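Read-outs throughout are calculated quantities, based only on the coordinates presented, and are distinct from any laboratory measurement. These numbers come from a predicted model, not from an experiment. For neighbour counting, all protein chains shown are included, and Cβ atoms are generated from backbone atoms with ideal geometry for every residue, glycine included.
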Amino acid sequence: MQTTVEERLFFKTRPALWPLYTALRDKLCLAHPDVRVRVSKTQISFYHRRLFAMVSLPRHRFSGISGEFLLVSFGLGSVKQDTRTAEVAQPYPGRVTHHVPVQTLQDLDTCLLGWLDEAYHFSLAKSFRDAHKKKKQRHYPLLFLYI
């Protein structure tokens with residue numbers, strides 16, 4: 001899949017990060033050819049049926065990280081303990097969002113790509129669960145009025 005003009009413009013303020021992004025994007029698209037990319041003002045999102053990963057240009061600094069970096073975020077069902085994880089949040093039960101800074105091509109290692117693969121499959125499982133969730137059926141008793 002070719003990169004778009006919107007993706008290129010996203011990196012207008014930090015062009016040095018473009019090669020990192022394209023390397024990550026190429027690896028994701030190679031592993032999952034059905035991935036769709038959506039560019040917004042603050043992030044680039046990777047979807048299958050649901051959002052599973054995002055890339056953003058951080059607006060604030062994280063402690064212990066100097067220089068420019070991409071912030072790769074993804075959702076999983078559990079916390080992954082690693083020194084590279086800058087922030088972990090649980091927006092709701094059953095989903096844990098991880099934020100991992102990426103500064104070099106070496107940071108795009110098998111560990112990070114494994115987490116992204118897990119996030120992809122987690123989003124597929126979530127789509128499956130949502131699609132097969134039964135709506136609560138309400139049973140109203142029949143009322144017969146005799147006049």
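Among rounded, prolate and oblate, which fits the range 1-94 when a ≥ b ≥ c are the square roots of the eigenvalues of its C-alpha gyration tensor, a/c under 1.5 means rounded, and a/b larger than b/c means prolate? Judged from the Cα gyration tensor, the range 1-94 comes out oblate (a/c at least 1.5, b/c at or above a/b).
Under the simplified labelling scheme, the Arg61-Asp26 pair shows an inter-label distance of 3.2 nm, with each label point 7 Å from Cα along Cα→Cβ. Cross-link partners of Lys41 among aspartates and glutamates, defined as those whose alpha carbon lies under 20 angstrom from its own and excluding same-chain residues fewer than eight positions apart: Glu6, Glu7, Glu68. Restricting to DSSP loop positions (anything but H, G, I, E, B) with no more than 14 other Cβ atoms inside 10 Å of their own Cβ, which trypsin sites (Lys or Arg not before Pro) remain in the range 1-49? Within the range 1-49, the qualifying trypsin sites (Lys or Arg not before Pro) (loop, at most 14 other Cβ atoms within 10 Å) are Lys12, Lys41, Arg49.
The ranking of Arg59, Arg84 by Cβ neighbour count inside 10 Å, starting from the fewest, reads Arg59, Arg84.
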